[in-house]
1. What do you reckon, is Thr292 part of a loop (DSSP other than H, G, I, E, B), under 30 Å from Gly130 (Cβ atoms) and of a type in the set (S, T, N, Q)?
2. If we scan the stretch 301-315, do we find a residue that is of a type outside the set (S, T, N, Q), out of contact with any Asp or Glu (no Cβ under 8 Å at 6 or more places or on another chain), loosely packed, with under 13 Cβ neighbours inside 10 Å and free of Cβ contacts under 8 Å to residues at least 12 places away in the same chain?
3. Would you check if there is a residue in the stretch 44-51 being closer than 19 Å to Val25 by Cβ, aromatic (Phe, Trp, Tyr) and modelled with pLDDT of 95 or more?
4. Of the conditions (1) touching a Pro at 6+ places or on another chain (Cβ under 9 Å); (2) in a strand (DSSP E or B), Phe428 satisfies every one except a single condition; which number is it?
5. Among the residues of the stretch 361-399 satisfying the criterion of being under 19 Å from Leu426 (Cβ atoms) and of a type in the set (S, T, N, Q), which is modelled with the lowest pLDDT?
6. Being closer than 20 Å to Asp117 by Cβ and either β-branched (Val, Ile, Thr) or at pLDDT 90 or above (or both): is that true of Gly23 here?
7. Go through the stretch 364-373 and report how many residues are within 13 Å of Val402 (Cβ to Cβ) and either in contact (Cβ under 8 Å) with a residue 24 or more places away in the chain or surrounded by 15 or more Cβ atoms within 10 Å (Cβ to Cβ) (or both).
8. Please specify each residue of the stretch 239-268 satisfying the condition of being surrounded by fewer than 16 Cβ atoms within 10 Å (Cβ to Cβ), over 12 Å from the mean Cα position of the chain (by Cα) and of a type in the set (S, T, N, Q).
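The values are calculated or read from the model by the stated rules, or taken from the named source; none is laboratory data. Everything numeric here is computed off the predicted structure, so don't read it as measured data. Cβ sites come from the backbone with ideal geometry, for glycine too, and all protein chains shown count toward neighbours.
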Amino acid sequence: MQIEALMQTYQLNQAPLLVAVSGGVDSMVLLTLLAHSRYHDQLHVAHFNHHLRAVSDQEAIHVQVYAAQLGVPITIGEWQTPDSSEAKAREARYRFLRQTSDTIGAQAVILAHHQDDQIESVLLRLARSGKLTSVRGLLPERTVSGLRLLRPLLTISKQTLRNYAATHHVPFDEDESNQDTAFVRNHLRQTVVPALKQVSPQLGEHVTRLSTDLDGVLALAQAQSQQLQATYQLSPTQIDWRQLRHFPDNVQKIVLTDWLQHFAPTIKTHLVAQILAGLNQTERANLRYPLTSTHELTLSYGVLTVTPKTVITTEVMTIDRMNQFYAVADGQIGLFTQPPAQAQVLATWTGQLPVTLRHRQPGDVLHLRNGEHQLLRRFWINHKVPAHEREKAWLITRAQQVLGGQTISQAELFPPDQTDIIQAVLAFMPDS
């Protein structure tokens with residue numbers, strides 16, 4: 001194995017390299033290869049003692065002694081609150097690697113994942129999710145929360161590493177828990193993968209090819225997705241989906257997932273499917289979907305918009321004076337004969353005081369210019385007012401009759417009596 005050839009794609013500089021070493025054959029061989037390469041003087045070993053087994057302390061000593069023999073400095077981390085949870089152990093380990101990397105100013109962390117790890121990862125992720133981004137398996141290079149991770153051994157089989165250790169007398173410890181098939185990954189390792197290798201001895205090479213090719217396909221799909229988003233995006237939080245409906249559903253799913261991940265990185269597949277179904281229900285004018293704890297997605301006439309979650313407000317104010325601001329949750333609002341400086345004009349209005357300022361209520365009606373009355377809900381549907389705008393709209397009302405307000409043109413309403421009428425603007429001053 002030529003480690004320098006395996007490392008050449010990473011474009012490394014002279015900054016330190018942190019090597020994660022558990023004490024098992026994989027990481028001890030990785031350390032040996034690197035220590036006998038041109039990278040020797042850049043190396044720093046990181047060993048994390050999980051304290052989960054009786055031999056954990058002894059293994060830490062073995063790694064420390066071997067690192068000293070190779071002339072490589074080492075930092076050992078201790079898990080002060082051991083937990084049998086695999087996820088928590090991984091979280092603690094990566095937290096230690098990040099802290100150590102920051103301390104020594106490492107440009108990257110080198111991990112010992114190999115070809116058999118890749119096979120197990122692909123099979124496990126296929127069984128658990130089937131998502132393309134998961135099934136491609138472990139990546140040769142990945143950055144997680146600013147931590148650059150390198151895996152130069154992904155094309156090297158476990159048996160090749162064992163053979164190297166035997167030939168070059170590399171010391172290592174066996175983790176007896178790896179034999180416990182009660183763990184899913186161990187079951188794959190001990191039972192499923194050997195059976196598949198009997199069917200196809202080239203399984204490792206085939207999985208490597210699958211992972212590499214799939215990574216390329218995903219990169220191409222990402223580039224095309226970004227181009228489509230740029231074409232149909234109306235703003236950073238709004239995209240017009242009407243033209244995208246002409247693409248096959250599986251293409252729409254890729255673009256939709258990619259766009260939504262800007263706002264909800266861990267969005268669930270079933271939610272994407274629900275939204276996609278809504279996009280193809282052309283008879284539905286407005287739909288709303290929960291996106292995160294703070295934001296939601298609204299679908300209105302083929303346009304998707306991400307907005308802060310609507311807070312239903314019961315704010316009701318009787319306005320009996322002009323040119324005065326009234327406090328509301330996110331600022332001040334009022335009716336003015338002239339727009340106040342710095343204020344936002346929400347609507348124009350002509351009428352008489354007193355009126356009530358509030359948000360929509362069931363049963364709200366409009367008196368239209370043609371003399372007919374119409375439910376506010378139907379008026380909004382006819383004018384294709386998006387759902388998120390309906391929820392936030394400030395209305396000028398008297399009882400259940402809507403006299404004006406946001407989303408409503410005064411020219412569409414029945415003109416008021418001309419006695420003592422006031423011409424005004426509805427103005428809003430947001431909190432600074």
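1. Judged against the criteria, Thr292 is a match.
2. No, the stretch 301-315 has no match at all.
3. no
4. With respect to (1) touching a Pro at 6+ places or on another chain (Cβ under 9 Å); (2) in a strand (DSSP E or B), Phe428 is out only on (1).
5. Applying the filter and picking the extreme gives Gln361.
6. In short, yes.
7. 5
8. Residues satisfying the conditions are Gln243, Asn250.
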